[in-house]
Amino acid sequence: MPPVAALRTALSAVQKRFPSLGSLRARAALALASTDPLYPTKVAIIPLDMDRTATKRVLDSLLLLEMPLSYSKLAANELEWHGTVKARTLGKDSRVQGAQQLSETVTNFIQMFGVPSSFLLKHNITFLESVRTPESHEDIYESCHLHLYISDSIPSLTERLPETIIPIQRILDLPSIPTESQNISSSAIVISTKAAESLLLSDDEWAQKSNLTTLAKILTDRDTLFRNLVKTVIKTCEDYVRASKSYVDTSLRTPAEGDDVRDIVAARKNWAQAAHTELRDVLVPGLESFAKESTWWKLYWVVDDLKEDIGERTVLRNFLPTAERALVFVLGRLSTAPITAPTVRSTVSLSTSIFQTSAIQEKIDKIGTSIAEAKREVKDGLLTTLHADAQRLIVSTFLLTQLPVALLATAGWYWFGYTGYSMSGLALLALVLGFKRVQSKWDALVSAFQREVHDAARAAIDAAEVEIYDAWEVKVADMESRIAGQQEVVDALKRNIE
């Protein structure tokens, strides 16, 4: 057995760092459990185009290994438990494991036997006999070290075997063993359970004709079975890492070739173009409407409506509403982009939960608030400041220019005897100068406001465009980091299994 502690660490890392590709995690869990010497060797017996009655003889024969092959030599308790197993129901899966006493449990789906078989007890082996077709054995694939595919037809063993990475052994069961049995199928062990069932042959003759001793050597070589199982884990992990590296190199870093990165780049470009168009065609006219509705001579009676009414209708409602909604779609596309190689994508959920860290998702979510934050800054910052400046302008003009001169003209007429005509002219001049001051300063304030809103919108678009690409780069870099970690796990497995 290879170094246990290092292997357990590497197999645990497989379960954490790799998706469940072809029951990868289940096989890693099986290998991890198998590092315990008390964990049984599990062997699946699977029929291929073979009569169920004939298939059951294989398990019946395997249970007799390392026992005398004559009824006269079998003890009464051995006849009892073997007879109980032979009488099992043919319509359910069966599990047979070693036990000190005979036990039998039957459920709706499986019948379980504990038998005092010296072969099972000595080598700690559990047999899982299936009655289903090879295409419906997902649970067996995940729980057994070795699969024995049984058939009495050579084409079945060579053409009907399902594709699987799990270690398998072909068993060709014939009524009698031809002399040239080795020519029947070079990849199959040829046995005759008919000969075993008769229990009339001597030990040596039966073993020679049935080749069950060859199969027994395979079943009892726990170290080889364990290594083969771990090698399937290594192969799946290597294929995954290789495909992921290739995908990063040839697709994610090459927009002209990679569908995913090309879609992201195109979505980012199209969004930015549409956002700038909306800035020009929607927000700029809205700012012009704001200037018209709040022109200086209307300012005296609309000053309190600048923020909540005029500003809301002309500026905030036109502050890139379509671009803000479209950004949600782009970010959703970025967030759910399946950054994983196409060769393995069929076995991985399109969700990138196995890749995407919370930090990356937070970065993506933050991009989605860029326009909203800019709009909030316009409302709470620029519009509030403009409203305060407008009030200050009106009050200061009245108190510092118009009112003092008007009082001076009144005093000149009342106390100093100046003509009403001349003093009225002076008051009118003060009024005109005040209006002139309001006009010039308000036009400057509005122009500055329009410029600042325009710049804020453009900055929000530019920032979102850059951050979309940055988030994609961070996501790809995170994948590369994870691939490097997965490669370390593969190297550790190879180093400790060889």
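The values are calculated or read from the model by the stated rules, or taken from the named source; none is laboratory data. On a predicted model such as this, the values are computed, not experimentally measured, just so you know. Note that each Cβ is placed from the backbone with ideal geometry, even for glycine, and that neighbours are counted across all protein chains shown. Only protein heavy atoms, including side chains, enter the accessible area calculation; ligands, DNA and RNA are left aside. Shrake-Rupley method; radii C 1.70, N 1.55, O 1.52, S 1.80 Å.
Out of every Cα-Cα pair that the stretch 86-136 contains, those further apart than 16 angstrom amount to 42 percent. For the pair Ser289 and Asp309, label points projected 7 Å from Cα toward Cβ lie 1.6 nm apart.
My understanding is that a pair violates if its Cα-Cα distance is over 22 Å; which of Lys16/Lys475; Lys42/Lys122; Lys245/Lys475; Lys16/Lys245; Lys86/Lys217; Lys298/Lys441 do that in this structure?
From Lys16/Lys475; Lys42/Lys122; Lys245/Lys475; Lys16/Lys245; Lys86/Lys217; Lys298/Lys441, over 22 Å: Lys86/Lys217.
Hydrodynamic estimate: the Kirkwood radius of the stretch 263-308 over Cα pairs, inserted into Stokes-Einstein at 20 °C and 1.002 mPa s, corresponds to D of 167 µm²/s. Amide H to amide H, with H built 1.01 Å from N, Val106 comes under 5 Å of Met112, counting only residues 5 or more places away or on other chains. Taking every protein chain into account, the 1.4 Å probe leaves Leu121 with about 70 Å² of accessible area, to the nearest ten. Per-residue SASA remark: Asp470, around 60 Å² accessible (1.4 Å probe; ligands, DNA and RNA not included). For Glu377, the solvent-accessible surface computed with a 1.4 Å probe is close to 110 Å², ligands and nucleic acids excluded. Residues Thr295, Thr35, Thr105, ordered by accessible area of protein heavy atoms at a 1.4 angstrom probe radius and largest first, appear as Thr105, Thr295, Thr35.
Here the Karplus curve 6.51 cos²θ - 1.76 cosθ + 1.60, taken at θ = phi - 60°, turns the phi angles of the stretch 446-460 into couplings of 5, 4, 5, 5, 4, 5, 5, 5, 4, 5, 5, 5, 5, 5, 5 Hz, with x standing for Gly and Pro. Between amide H atoms placed 1.01 Å from N, distances below 5 Å from Ile45 occur with Leu128, Glu129, Ser130, Leu148, all of them 5 or more places distant or on a separate chain. Note on exposure: Arg376, Arg317 ranked by accessible area (1.4 Å probe, complete protein assembly) read Arg317, Arg376, with the most exposed listed first.
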